[in-house]
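What follows draws every value from the coordinates through simple rules; no lab data is involved. Keep in mind that this is a model prediction, so the values were computed, not measured. Ideal geometry is used to build each Cβ from the backbone, glycine not excepted, and the neighbour counts take in all protein chains shown.
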Amino acid sequence: MTEEMAFISDLLPTVDRPQRLSEHVYKALSEAITEGKLPPGKRLRETQIAKALGVSRTPVREAFARLKQQRLLSSDASGAYYVAKWDRKTLWEIATLRAALESLAFSLAPQNLSQEDFDHLEEIARQMEEMDADPASSDYKRMAQFDFRFHTYIWSRTGHDLLEQALENIKPQAHFYMYLTRQSGQTDYAERHRILIDFLKHGDRSKANEIMLDHILSYTEKSIAWWERRQEEMSEE
């Protein structure tokens, strides 16, 4: 097993055989890509990954096809797969599409949120505040995970099945964008989520919509600029 692929095995220490192996492979690769562990342009070989994960090539092939559909992988004329290179245009499209869908989600969710739901959202915000209060324990990956958990919970409370499906379809890209935003230096995660909770509690649909748009788009340029610098650094390594 090569060193560059060894971490994938660590993502799946055990595999529950009755479950779909392709789902395990997909989750491992999706996480590795969206968290920047696999650099853009990196070629991924079926045989190499199958060996690293202790599975056959079939579930790897299925995972590759799914990742390509989500634009996390690309392929050339020979059928070789590569980690997709997300340029400025692609990142802008991800940010604006997510902003449009989530602003609608946050305008629909208030009427469906119970006190139990708000308690859950408050707990996520509290965990974010604890991380912000202790820079030494700050972990951009964990913070991005809290952010993702907060937003996907709102998605599930819209009462709009097609909207939720559309959001699910861009979940990997949304996860990557949240990771990217945190990496680029956003430091007011907890505060922004507290503001969102307040507007959701008051059922102010238009304000929740407005805040959601600003929450995502205000850091777009900074995040894209950081990603472009990071790609240059990786190409020089």
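Structural remarks
- Qualifying residues in the range 68-89 (those that are within 18 Å of residue 24 (Cβ to Cβ) and in contact (Cβ under 8 Å) with a residue 60 or more places away in the chain) - the one surrounded by the fewest Cβ atoms within 10 Å (Cβ to Cβ): 70
- Taken over the range 111-134, residues that are of a type in the set (Gly, Ala, Ser) and not in a helix (DSSP H, G or I) amount to 1.
- Among the residues of the range 211-234, those that are part of a helix (DSSP H, G or I) and free of Cβ contacts under 8 Å to residues at least 24 places away in the same chain comprise 214, 215, 221, 229, 232, 233.
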